[in-house]
Amino acid sequence: MQKRREFLKKSGLFLGGLGIVTHYAFTLHSKKKKLGVCLVGLGNYSSTILAPALQRTEHCLLTGIVTGSPEKIPVWQERYDIPDKNVYNYQNMDSIADNPDIDVIYIVLPTGLHAEYAIKAANTGKHVWCEKPMAKTAKECLAIIEACTKNKVKLSIGYRMQHEPNTQQVIQWARTKPFGDIKKVKAEVGFNIVNPPNNWRMDAELGGGLLYDVGVYAINAMRYTTGMEPISVKGHHENSRPEVYKEVPETSIFEIDFSNGIKANGQTTASRSINILQADCEKGWYRLQPFQSYRGVKGEASDGMLLDTYIENQQARQMDDDALAILKDTPVLVPGEDGMKDIVVVEAINESARTGKPVRLS
């Protein structure tokens with residue numbers, strides 16, 4: 001808790017107990033063509049990925065920011081033409097409720113802060129996009145879902161891969177089974193990190209390490225590749241550099257059982273570069289390699305078919321898809337329930353690693 005408070009103070013997020021009033025006034029005008037998006041947290045992902053991607057969208061506009069770093073404000077205002085009235089800090093973001101320029105609040109903060117600020121966003125009556133991983137615990141995920149349901153706003157989790165066309169082909173094959181029944185799945189993500197950055201991802205409370213950061217991609221991939229939900233989880237952690245990885249695992253290895261005898265093996269690691277999703281079936285196989293990358297997701301199948309449809313910007317596609325779901329009032333592609341299911345598995349992996357026993361899931 002002390003670390004969290006220190007981070008909040010340094011980031012300008014510490015609210016000193018300030019409450020946020022619930023608002024129900026927001027309704028989206030039926031003739032609106034583009035949605036105003038407010039980014040909460042102006043770190044690297046917002047600055048170098050999401051803000052530029054918003055300039056490439058058809059159905060979104062970057063209209064607001066929330067930051068605890070005053071020195072960033074003039075840079076963002078000049079670059080993206082954001083007026084003073086659309087600039088907020090963490091103490092006054094509740095007043096976004098009264099701003100018709102903003103339709104969506106996108107939470108782009110450290111994972112350990114997602115629940116608190118996604119709930120605050122929902123209470124403004126604006127739609128909520130929350131970056132993955134959804135939260136640190138399944139209990140926090142459920143609280144976000146309940147807040148959005150209570151305020152009658154849509155909630156979408158930022159799993160860009162499910163919006164990527166080659167990944168969507170793999171998702172479709174879970175239903176059509178062109179190579180027969182799936183028997184085994186492998187999903188691994190790793191990086192050869194020689195000098196690990198000292199940032200919030202390495203903090204057990206704020207980030208939780210690679211299992212949270214990219215492990216949810218592997219877990220999510222296992223679920224959408226099989227089209228099923230896990231029934232049992234077993235995992236363990238390895239750490240060859242305890243002097244570096246003091247709070248989070250360097251490597252997490254896990255095995256997930258699905259119904260019909262399907263097994264999935266996964267791994268996240270900071271010791272070597274890996275990036276593969278593969279399904280072995282009765283009559284063949286298919287894979288994406290890399291399956292989790294900003295660009296260049298591609299793969300092949302045992303019959304020679306190539307999975308190589310290219311899109312320039314995954315995040316722009318993701319935000320346009322989510323915007324259209326709001327504009328047309330249709331279901332979002334990755335709802336909160338989907339994000340929560342991955343966190344249930346993350347918690348089960350950690351519990352299994354702690355006890356040395358498999359964890360059954362309901």
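Only the coordinates and a few stated rules stand behind these numbers; no lab work does. Everything numeric in this text was worked out from a predicted model, so none of it was measured. Note that we place each Cβ from the backbone using ideal geometry, even for glycine, and neighbour counts take in every protein chain shown.
Test of understanding: in a Gaussian network model of the chain with alpha carbons linked when under 10 Å, which of ARG295, ARG201, ARG160 would top the mean-square fluctuation ranking?
Among ARG295, ARG201, ARG160, the largest GNM mean-square fluctuation belongs to ARG295.
About its Cα centre, what dipole magnitude does the stretch 69-108 give when the only charges are +1 on Lys and Arg Cβ and -1 on Asp and Glu Cβ, stated in debye to the nearest 20?
Taking the Cα centre of the stretch 69-108 as origin, the dipole is about 140 debye.
Determine, for each peptide in 314-327, 162-175, the mean count of other beta carbons within 10 angstrom over its residues, then list the peptides with the highest first.
So the order, starting with the most tightly packed, is 314-327, 162-175.
Tell me the Kirkwood hydrodynamic radius of the chain in angstroms, computed as one over the mean inverse distance between distinct C-alpha pairs.
With all distinct Cα pairs of the chain included, I get 21.1 Å.
Taking the 0 to 90 degree range and rounding to the nearest ten, how far is the long axis of helix 336-355 tilted relative to the main principal axis of the chain, both from C-alpha atoms?
For 336-355 against the chain, the angle is about 60 degrees.
Label-point separation (nm) for LYS357 and LYS139, each offset 7 Å from Cα along Cα-to-Cβ?
2.1 nm
Compute the signed sum of charges (Lys and Arg +1, Asp and Glu -1) over the other residues within less than 12 Å, Cβ to Cβ, of GLY296.
Local net charge: -1.
Report, to the nearest 10°, how far helix 165-176 tilts away from the longest principal axis of the Cα atoms in the chain, using its own Cα long axis and a range of 0 to 90°.
50 degrees
Sort out for me the Cα centre separation of the stretch 81-130 from the stretch 286-338, rounded to whole Å.
Cα centroid of the stretch 81-130 versus Cα centroid of the stretch 286-338: 26 Å apart.
Which percentage, to the nearest 5, of the DSSP beta bridges contained in the chain is antiparallel? Kindly include the intermediate steps, with their values, before the conclusion.
Working: 34 of 60 bridges.
Bridges in the chain are about 55 percent antiparallel.
To the nearest 20 Debye, how big is the dipole of the chain about its Cα centre, given +1 on the beta carbon of each Lys and Arg and -1 on that of each Asp and Glu?
It works out to roughly 240 debye.
What is the mean projected area of the alpha carbon convex hull for the stretch 105-146, to one decimal in square nanometres?
Numbers: hull surface 9.6 nm².
Seen from a random direction, the Cα hull of the stretch 105-146 projects 2.4 nm² on average.
Within 10 Å of each candidate Cβ there may be at most 16 other Cβ atoms; applying that plus a DSSP loop requirement, which GluC sites (Glu not before Pro) in the stretch 32-85 survive?
Of the GluC sites (Glu not before Pro), the ones in loops of the stretch 32-85 whose Cβ has at most 16 other Cβ atoms within 10 Å are GLU58.
Output the 0 to 90 degree angle, nearest 10, between the alpha-carbon long axis of helix 314-327 and the longest principal axis computed from the alpha carbons of the chain.
Once rounded, the angle reads 60 degrees.
Of the GluC sites (Glu not before Pro) in the stretch 246-276, which ones lie in a loop per DSSP and count no more than 15 other C-beta atoms within 10 Å? Walk me through the numbers before you get to the answer.
Numbers: sites: GLU247, GLU250, GLU255; in loops: GLU247, GLU250.
The qualifying sites are GLU247.
Straight distance only, please: which lysines reach the Cα of LYS152 with their own Cα at less than 17 Å, same-chain residues fewer than 8 apart left out?
Filter leaves LYS120, LYS126, LYS328.
Treating only the Cβ atoms of Lys and Arg (+1) and Asp and Glu (-1) as charged, compute the dipole magnitude of the stretch 203-244 about its Cα centre; round to the nearest 20 debye.
With only Lys, Arg, Asp and Glu charged at Cβ, the dipole is about 240 debye.
In the stretch 297-362, which GluC sites (Glu not before Pro) are in a loop and have at most 14 other Cβ atoms within 10 Å, using DSSP for the loop call?
Loop-located and lightly packed - GLU312.
Report the gain in length on full extension from ALA204 to GLU78: 0.36 nm times residue separation, minus Cα-Cα distance, nm rounded to one decimal.
Contour length minus the Cα-Cα distance gives 41.8 nm.
Order 37-43, 215-221 from most to least packed using the mean count of other Cβ atoms within 10 Å.
215-221, 37-43
Between THR176 and LYS85, what length in nm is gained on full extension when 0.36 nm per residue of separation is reduced by their alpha carbon distance?
Roughly 27.7 nm would be gained on extension.
Could you list log10 I(q)/I(0) for the stretch 68-196 at q = 0.09, 0.18 Å⁻¹, which the Debye formula gives when each Cα is one point scatterer?
Evaluating at q = 0.09, 0.18 Å⁻¹ gives log10 I(q)/I(0) of -0.40, -1.08.
I want to make sure I understand the PRE zone here: with the label point 7 angstrom from the Cα of ILE231 toward its beta carbon, which residues in the stretch 328-362 have backbone N atoms less than 15 Å away?
Answer for the stretch 328-362: 359-362.
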